Amino acid sequence: MPSKRLVLSYIFDWIIIIGIAAVGGGWNSIHPFNRPFSPVDLSISFPFEHHETIPTWLLMVIGLVIPAIVTFLVCLIFVPGPTAARGTPQSLIWRRKFWEWNTAWMGLALSLATAFMITQGMKLLFGKPRPDLLSRCQPDLTRISDFIVNPAVSAVSKELSPNWALVTSAICQNTDQDILQDGFKSFPSGHASFSWAGLLYLTLFLASKFSVAIPFLPWRPFSTNPDHASATARSNLKNRSILPLQGKDSNLSNYADDRVVPDRYQAAAPPVYSLILVLVPVGTAIYVCSTRFTDFRHFGFDLIFGSLIGITTAWFSFRWYHLPITRGAGWSWGPRSYKRSWGIGVGVGSYVGTEGWSHYGKSETAPANGQEPLAEGRVEGERAV
């Protein structure tokens, strides 16, 4: 069983993730910087739509609830997969299911929490007007001179129009501060960052679990050129492949070992229908972004930058807890070892040690038939430097 020290370290990880989300929520209640604007700026003259196509509650369902349910069901039903040896104890199977579920949700939570905190913080700093700001503001055009930002240019602006000037938000007559202050939170788009953070993470998770990726060709530590003496050395060719040689299709038929196969037989493209697992979440994120443009809540650049935030946090959070899609066989990283669960010093090199999960120093190894292990036992440590 995992040591209490290790379990507590992951509980603390969850507390940190929740704390990140809480910081973003706290920032959401602070009034942003109010960037000066012009009462005759057509780019912020769109109507204020009270009804949103994707309201906040629906965004939470799309970006958080649905990915959480899907990842849970995948871990519950498909983990550990067909590689588990027959007769494997149910305790080990459920331990793997629980661990994959835990890392799936930790990655999802980290992605969403980080995107939320970054987005809310940037909204406060930049205070960019939304496309519908003037409808929210309801400026008092009779008092422009009282709220003009730069009186020195007022004479010049009068040559064009008395209203052609930059003014502060104090000119607004709308007394609903929630609606008014939200009008200065255009950059970046929170819907874009949140939807991409949740749905792209779901995409990467599904692609990992069901091997939906461009075929990966592993690097060969030996030459396939028959002119090289080392290429035909039995010591270099032995056990390099589990596939039989295809004599007609290979220029390697004269090799000393018949276990070498051509590159094209070492990987294959997944079924095309599996792309649905990738396209549906990504298409949904794109649709969410489009509604913020048609609802006049954001400009195009707000959506692009918000999407970049969500894409970055989704990729980072997925890789924080999961192996690369093309080489990870659908697994997440195993846990830290108990002695290093709270940190490591300079020169240690890894959070994994030989003692594994348990403080008793026991480690569970892979079954003798070569099947995938179900518990993350440690078999190697770092060499002393």
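For the pair residue 126/residue 146, report the inter-label distance in nm, with labels modelled 7 Å from Cα in the Cβ direction.
3.2
Can you tell me the FRET efficiency between residue 220 and residue 287 if r is taken as the Cβ-Cβ distance and R0 is 30 Å, rounded to the nearest 0.05?
0.10
Can you tell me how much longer the chain between residue 348 and residue 50 gets when fully stretched, taken as 0.36 nm per residue apart minus their C-alpha distance, in nm with one decimal?
This chain segment gains 101.6 nm when fully extended.
Grab the other residues whose beta carbon is less than 14 angstrom from that of residue 62, score K and R as +1, D and E as -1, and report the net.
Taking every other residue near residue 62 into account, the sum is 0.
Taking θ as phi - 60°, what are the ³J(HN,Hα) couplings along segment 136-147 by the Karplus curve (6.51, -1.76, 1.60), each to the nearest whole Hz, with x for Gly and Pro?
With coefficients 6.51, -1.76 and 1.60, one gets 6, 6, 6, x, 8, 5, 7, 10, 4, 5, 6, 10 Hz.
Within 10 Å, count the other beta carbons around each residue, average over each peptide in 199-210, 268-279, and list them highest first.
199-210, 268-279
Can you give the local net charge around residue 116? Use residues other than it whose beta-carbon is closer than 15 angstrom to its beta-carbon, Lys and Arg +1, Asp and Glu -1.
Within the 15 Å Cβ shell, the charges total +2.
For the ranges 186-195, 309-318, what's the packing order if you count other beta-carbon atoms within 10 Å of each residue, average per peptide, and put the highest first?
Packing order, densest peptide first, comes out as 186-195, 309-318.
Hey, with R₀ at 51 Å, roughly what FRET efficiency would residue 326 and residue 176 work out to, going by the Cβ-Cβ distance, to 0.05?
Plugging the Cβ-Cβ distance into 1/(1 + (r/R0)^6) gives 0.50.
Report the net charge of residues surrounding residue 28, where surrounding means a beta-carbon distance below 12 angstrom and charges are Lys +1, Arg +1, Asp -1, Glu -1.
Summing Lys/Arg as +1 and Asp/Glu as -1 gives 0.
Kindly write out, for segment 18-35 in residue order, the coupling ³J(HN,Hα) from the Karplus curve 6.51 cos²θ - 1.76 cosθ + 1.60 (θ = phi - 60°), rounded to whole Hz, with x marking Gly and Pro.
Rounded to whole hertz, the list is 5, x, 4, 5, 5, 4, x, x, x, 5, 5, 8, 8, 6, x, 4, 9, 6.
Would you order 50, 322, 298, 31 from fewest to most other beta-carbon atoms within 10 Å of each residue's own beta-carbon?
Least crowded to most crowded, the residues run 50, 31, 322, 298.
List every residue whose amide H lies under 5 Å from the amide H of residue 37, counting only residues 5 or more places away in sequence or on a different chain, with H placed 1.01 Å from N in the peptide plane.
167
Once amide H atoms are built 1.01 Å from N in the peptide plane, which residues 5 or more positions from residue 322, or in another chain, come under 5 Å H to H?
333
Every number in this text was worked out from the coordinates using simple rules, so none of it is lab data. Remember, it's a predicted structure, so these values are computed and weren't measured experimentally. We place every Cβ from the backbone using ideal geometry, glycine too, and count neighbours over all the protein chains shown.
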